[in-house]
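Working notes for the structure below.
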Amino acid sequence: MKILVTGGLGFIGSHTVVELQNKGFEVVIIDDLSNSSEEALDGITAITNVKPHFEKLDLKIKTDVQDFFKRHNDIAGVIHFAASKAVGESVLEPLKYYENNISTLVYLLQELKGLSRKNFIFSSSCTVYGQADELPITENAPVKPAESPYGNTKQIGEEIISDTCKVNEDINAIALRYFNPIGAHPSTEIGELPIGVPQNLVPYITQTGIGMREQLSVFGGDYLTSDGTCVRDYIHVVDLAKAHVVALQRLLENKNDSNYEFFNLGSGKGSTVLEAIQSFERVSGKVLNYKIVDRREGDITAAYAETSKANNVLGWKTQLSLDDAMDSAWKWEQKIRNK
Ligand code: UFG
């Protein structure tokens, strides 16, 4: 069964391609390589012994998208990862984010309508909840006004899909709201490749651990949490990737309760920044140089998932721990820096 994975050479995309191929799906990857490398193709092939079909394609070029779907009208499902994802950059370049994340989604959905099997999985984010009033965060928590254009593209994306599903009953879609994906494949064949100075915690930790960065700044030590630092729900990227396969199978087997569904994907466990640092120190045997500095603008105090909907309805739950994720991220960092 042929599955299209857009952004399939990126961080979460590449791990999902591995899990799809492990389950015997035929994968076609579209990626514009704007924030990924063709080397991920070799990594995927090394892990699975199958080289997925890859086309370098810019989803913003509508005619190229149309041409692609003419050639691949036998696609049974689309998993749509391709998007820009840097929160800070989105504030500076909102139109880039609206074009990259919204126009591409519209083009894909227009083409999906022409397929005989119209199954669609969308990468969404816990950012849609903002600072939720209650923790853990259930799927019933209200969507809050977005803090950034990036976050807004995820909210608008969900609305576009929901509106489309209302009038196209033969389209089946699932939005997956990720908490904080981290880690790498345990084989160290694929992982995260942040360009420039990492904005996210775990790549910054591992780059500091390996000596590329002098010191990790911990943003804020005066939050109302157990140790004063922010709480997040870190989820191993391999667990996250497996959830996509489960969600896809739900659609392929017509097991969905309605033609638009959404699920939180998290571990259900909140960890502070200092706990994440301790996890790194445990798995690496290193002492991390860090300093508590001022809060970062836009950060919420705490977010972690209520996972029972994903556990009971989707039949998926995380199997790997924060230490597992940190260990794989550290092994990946060592591998790419020693190249
Ligand atoms: N942090 C630091 N120092 C750093 C980087 C991060 O202390 O150098 C802290 C942050 O303040 C936060 C935690 O580590 O408390 C996690 O920060 P990340 O940047 O790794 O993750 P965020 O939770 O801020 O961002 C994630 C996703 C975004 C999404 C956002 C919405 O990466 O895509 O959640 O809340 F938009």
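Numbers for the structure displayed
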| item | result |
| --- | --- |
| Charge dipole magnitude, Cβ of K and R +1, D and E -1 - segment 41-194, Cα centre, debye nearest 20 | 340 |
| GluC sites (Glu not before Pro) within segment 249-338: DSSP coil, no more than 14 neighbouring Cβ in 10 Å | GLU253, GLU297 |
| Centroid-to-centroid separation of segment 272-339 and segment 245-271 [C-alpha atoms, Å] | 22 |
| Cα long-axis angle, helix 273-284 against the chain (0 to 90 degrees, to the nearest 10) | 90 |
| Simple label model, 7 Å out from Cα along Cβ direction - MET1 to GLU281, nm | 4.7 |
| Whole-percent carbon and sulfur share, accessible surface of segment 257-339, 1.4 Å | 44 |
| Dipole magnitude of the chain, debye to nearest 20 (Cβ charges: Lys/Arg +1, Asp/Glu -1, about Cα centre) | 500 |
| Spherically averaged projected area in nm², based on the convex hull that wraps the Cα atoms of segment 132-171 | 3.6 |
| Degrees separating the helix 62-71 axis from the principal Cα axis of the chain, which is the longest one | 60 |
| Unit charges at the beta carbon, dipole of segment 4-74: most positive-side option, ASN73, PHE25, THR6 | ASN73 |
| Cα-centre dipole for segment 165-226 with unit charges at Cβ (Lys and Arg positive, Asp and Glu negative), debye to 20 | 100 |
| Stokes-Einstein diffusion coefficient of segment 1-117, Kirkwood radius over Cα pairs, 25 °C, 0.890 mPa s, in µm²/s | 169 |
| Using alpha-carbon coordinates, inclination of helix 322-337 to the longest axis of the chain, degrees | 90 |
| Between segment 164-222 and segment 107-163, the alpha-carbon center distance in angstrom | 18 |
| Segment 220-339: C-alpha gyration tensor shape, a/c 1.5 cut-off, then a/b vs b/c | oblate |
| Ratio Rg/Rh [Cα only; Rh per Kirkwood] for the chain | 0.95 |
| Antiparallel DSSP beta bridges within the chain, as percent of all bridges there, nearest 5 | 5 |
| Mean accessible surface per residue for the chain, computed with a 1.4 Å probe while every protein chain stays in place, in Å² | 44 |
| Estimated FRET transfer efficiency when R0 is 30 angstrom, pair ASP58-SER162 (beta carbons, to 0.05) | 0.70 |
| Over the chain: helical MRE at 222 nm, DSSP H runs n ≥ 4 each giving -39500 (n - 2.57), nearest 500 | -11000 deg cm²/dmol |
| Fraction of accessible area attributable to carbon and sulfur, segment 29-70 (%, probe 1.4 Å) | 44 |
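The values are calculated or read from the model by the stated rules, or taken from the named source; none is laboratory data. Please read all numbers here as calculations on a predicted model, not as lab measurements. Virtual Cβ from ideal backbone geometry, glycine too; neighbours counted across all protein chains shown. Heavy atoms of the whole protein, side chains included, go into the accessibility calculation; ligands, DNA and RNA do not. Shrake-Rupley method; radii C 1.70, N 1.55, O 1.52, S 1.80 Å.
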